[in-house]
1. Please enumerate the residues belonging to the range 48-98 that are within 18 Å of Val29 (Cβ to Cβ), β-branched (Val, Ile, Thr) and touching a Cys at 6+ places or on another chain (Cβ under 7 Å).
2. When you go through (1) surrounded by 21 or more Cβ atoms within 10 Å (Cβ to Cβ); (2) within 17 Å of the chain's Cα centre (by Cα); (3) not polar (S, T, N, Q) one by one for Ala149, which number turns out not to apply?
3. Tell me whether the range 29-42 contains one or more residues that are assigned to a strand (DSSP E or B) and closer than 29 Å to Ala235 by Cβ.
4. Looking only at the range 94-122, count how many residues are within 19 Å of Gln164 (Cα to Cα), in a helix (DSSP H, G or I) and polar (S, T, N, Q).
5. Of these, Glu129, Glu153, Glu121, Glu139, which one is within 22 Å of Ile15 (Cα to Cα) and acidic (Asp, Glu)?
6. Hey, among the residues in the range 52-99 that are over 24 Å from Ala40 (Cβ atoms) and among the hydrophobic types (A, V, I, L, M, F, W, C), which one's surrounded by the fewest Cβ atoms within 10 Å (Cβ to Cβ)?
7. Would you check which residues across the range 6-23 are outside any strand (DSSP E or B), on the phi < 0 side of the Ramachandran plot and surrounded by 15 or more Cβ atoms within 10 Å (Cβ to Cβ) and list them?
8. Looking at the range 60-93 only, could you name the residues that are of a type in the set (Lys, Arg) and either part of a loop (DSSP other than H, G, I, E, B) or farther than 29 Å from Val7 by Cα (or both)?
Amino acid sequence: MNELDKVLEKGRALIAFITAGDPDPAVSVKYALALQKGGADVLELGIPFSDPTAEGVQIQDANIRALKAGTNVEKTFEIVGQVRKNSDIPIVLRSYLNPVFRYGYKAFFSACARLGVCGLEVPDLPFEEKDEAADIAREYGVYIISLIAPAPEERIRKIASEAQGFISACGSFDEQNALAVRIGGKVAVQALTPEQAALCRGAAVSTGCGAVDIIAMLGEHAESALIDYARKMKAALRAR
């Protein structure tokens, strides 16, 4: 069983997102470990890309900072390796297709398997084209995480029927997630009505990304801020 399934089968999980290498690789490792310490069940690491068109301003800025710090696919895998020395938290990578394609699908997913990466979310990979990556990912036990934007019921059902792990429900470009909460498939999210969400086996619920700016401003205190934010999110999740 994929490690992601073991966490998500409990019904509720806190999925925390940060961009790998922001503000630099060493600090992002500390942030990742801080999020787990604060209560995150799954860590989602964004691989920085020069044209993150499906992201909000905060995550676009995080991509720029990470790229300036020299973060690429290889460096992201190094960050995952550093996290793995101190944590067994399930990890999902988020990347645009170009970096994965250039790295090579087999090389990419074999590295994922070696480091215990459970899944890959690709914002610019259309559902109809996903098999070019999904077939190879399947060989290495890595899930391709489905994204669903506002769409007709028939399309939502189609995507949801083949989804692995969780489903990331996409909202408007100015409301991207920094933290996401998976609560079954019966919750209204910004991109889906309750009826549409009920068609899905799971949904990643955006909580907004204001914390990204707050953490950036806190500087040396960012780690404690991340812990506090994750704990508050975890408490809210348990209260539902």
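Just so it is clear, none of the values below were taken in a lab; they were calculated from the coordinates. It should be emphasised that the depicted structure is a prediction, and the values quoted were computed from it without experimental measurement. Heads up, the Cβs are rebuilt from the backbone with ideal geometry, glycines too, and the neighbour counts pull from every protein chain shown.
1. Correct list: Ile91, Val92.
2. Unmet condition: (1).
3. If we filter the range 29-42 for residues that are assigned to a strand (DSSP E or B), which is where we start, we get 42.
Add one more test, that the residue is closer than 29 Å to Ala235 by Cβ, and what stays is 42.
Scanning the range 29-42 turns up at least one residue that is assigned to a strand (DSSP E or B) and closer than 29 Å to Ala235 by Cβ.
4. Residues flagged as within 19 Å of Gln164 (Cα to Cα), in a helix (DSSP H, G or I) and polar (S, T, N, Q) within the range 94-122 amount to 1.
5. Working: Glu129 fails: within 22 Å of Ile15 (Cα to Cα); Glu153 fails: within 22 Å of Ile15 (Cα to Cα); Glu139 fails: within 22 Å of Ile15 (Cα to Cα).
The conditions single out Glu121.
6. Ile64
7. First pass over the range 6-23, keeping only residues outside any strand (DSSP E or B): 6-11, 20-23.
Those left that are additionally on the phi < 0 side of the Ramachandran plot: 6-10, 20, 22-23.
Within the range 6-23, Val7, Leu8, Ala20, Asp22, Pro23 meet the criteria.
8. Quick first cut of the range 60-93, residues of a type in the set (Lys, Arg) only: 65, 68, 75, 84-85.
Within the range 60-93, Arg65, Lys68, Lys85 meet the criteria.
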